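Here's the structure we're looking at; comments come further down.
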Amino acid sequence: MARHKKPGKRDTGIQSKKGYLYFITNQKVFDGESMITKKKWISTGLKDTPENLKKAIEMHEQLLGKHADMPQLIDKNITLQELSDLILEEKQRDVLTSTLNSYQNRSKNIIKHLGIIKVRDITRTAIEEYLDSLFIIGKLQERTVKDLKAHLATILDKAIQLGLIASNPAKEAKINKSLAAECAKEKSDDNFFSYREAQRFLELSKNHKLYKLFYITLFFGLRRQEVLGLRWCAIDFTNRIMYINHTVTKVNKGVKKLNKAKNKSSIRQYPLTDEQIELFKELKKEEEENRKLFGASYLDTEYIFKHEDGTLYHPDTISDDFRDHLKSLPELPQKLHFHNLRTSCVSILVHENMNIKAIQQWVGHKCIETTLKIYAKVKEKEEKQAVSEKMRNVIPLK
């Protein structure tokens, strides 16, 4: 004779509460730092009777079969944050750590604005209001807003797959071109370190894990995809030359390697100093030590700048690390992005009175107008600083 189950206890994954039957699942949630497990009760809408219990068991089996690819049953009232957490848990299994970090960062932004809304209640209007806020409040560039919109569309594609919604409102939502144009006027090229600020930045960054990457980027004025695309074959130790002819960029599913530079003017070479030769030798030594440390789990790649286990940095990870580091240096300008290390290189060269053509060739600007624009802004900033110094001497504060 079968033993009676404890009061309230039913079939595995089914329990009774206040006279009704519920499915019980263990849901993993991303709390901002790690995945934690929380118990979730999903109502069946059935009263706790022997007949309804049989129906609940059948429903439970059907749902488990239908959604076998998900770690738990899907509640029809699931919020966007809960669905995003489930997807992040899936991603942990099949993407690189650097790519997962990018997913997490984008999800954080989306959840901050839309997370508490039930997936089935998300509308095109709500999404367009969110996208507008990214321009108005976040002052983000259109490319970044497009990336966040695409990430949201990916989450909602999963909702369609799970039968939660019939169509994807993120794909129907439109980006406000007027707001995008306004933010474009405040393009990141408008921000840069002065030559003194650049020196101070490197001095304060010498213990940062990305110090060498920051230094190379700033010294040569490299684009993000160029510094991440540096391979050992691009460093000629004998002739002391560094070649820029390969890039690494981001795509929806991670990192894409391109066997070409951005344009013809981007393909260039630089002479290397004694200190820079030593820097690359140190990086080579660190790579060998990491290869021994990680053993069979080490991912062998030809790229110079990468994670300790050999996996490639996702471009967004580098940008995020730069921004986080800059926040820890309040004495320096705070509106800069990683790309502004390139602009800051131009700022230093202008301060050193290098001619426009030489600056254009050094950083690989396709059009000299780009160089001239930055040149004018650097000169304007320096002249205003000089005027301020003069005025302070003539009209001191008593």
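Observations on the structure shown:
- Test: Met391 is among the aliphatic types (A, V, I, L, M) and not in a helix (DSSP H, G or I): no
- Restricting attention to segment 111-140 and to residues that are among the acidic types (Asp, Glu) and open to solvent by 80 Å² or more (accessible area, probe 1.4 Å), the residue that is farthest from Leu80 (Cα to Cα) turns out to be Glu129.
- Qualifying residues in segment 227-258 (those that are of a type in the set (D, E, K, R) and at pLDDT 95 or above) - the one surrounded by the most Cβ atoms within 10 Å (Cβ to Cβ): Arg231
- Taking first residues from segment 43-58 that are farther than 21 Å from Asn77 by Cβ and partners that are surrounded by 13 or more Cβ atoms within 10 Å (Cβ to Cβ) and among the hydrophobic types (A, V, I, L, M, F, W, C), the Cβ contacts under 9 Å between residues at least 6 apart in sequence or on separate chains come to Thr49/Leu21; Leu53/Ile14; Leu53/Leu21; Leu53/Leu46; Ile57/Ile14.
- Checking each residue in segment 336-381 for being in contact (Cβ under 8 Å) with a residue 60 or more places away in the chain, more than 22 Å from Leu326 (Cβ to Cβ) and of a type in the set (D, E, K, R) picks out Glu352, Lys366, Lys373.
- Consider segment 220-240 and keep the residues that are under 26 Å from the mean Cα position of the chain (by Cα) and among the aliphatic types (A, V, I, L, M). The one that is nearest to Lys366 (Cα to Cα) is Leu222.
- Residues that are among the aliphatic types (A, V, I, L, M), within 23 Å of Thr249 (Cβ to Cβ) and over 15 Å from the mean Cα position of the chain (by Cα) within segment 135-154 comprise just one, Ala153.
- Here His67 passes the criteria (1) within 29 Å of Thr123 (Cα to Cα); (2) modelled with pLDDT of 60 or more except the one numbered (2).
- Filter result for the condition that a residue is open to solvent by 40 Å² or more (accessible area, probe 1.4 Å), without any contact (Cβ under 8 Å) to a residue 40 or more places away in the chain, in a loop (DSSP other than H, G, I, E, B) and more than 25 Å from Leu204 (Cα to Cα), over Pro396, Pro330: Pro396
- Test set (1) surrounded by fewer than 19 Cβ atoms within 10 Å (Cβ to Cβ); (2) touching a residue at least 60 places away in the same chain (Cβ under 8 Å); (3) closer than 29 Å to Tyr243 by Cα - Glu308 fails condition number: (2)
- Within segment 153-163, one or more residues are modelled with pLDDT of 90 or more, open to solvent by 40 Å² or more (accessible area, probe 1.4 Å) and in a helix (DSSP H, G or I).
The values are calculated or read from the model by the stated rules, or taken from the named source; none is laboratory data. Everything numeric in this text was worked out from a predicted model, so none of it was measured. Heads up, the Cβs are rebuilt from the backbone with ideal geometry, glycines too, and the neighbour counts pull from every protein chain shown. For accessibility, only protein heavy atoms count, side chains too; no ligands or nucleic acids. Shrake-Rupley method; radii C 1.70, N 1.55, O 1.52, S 1.80 Å.
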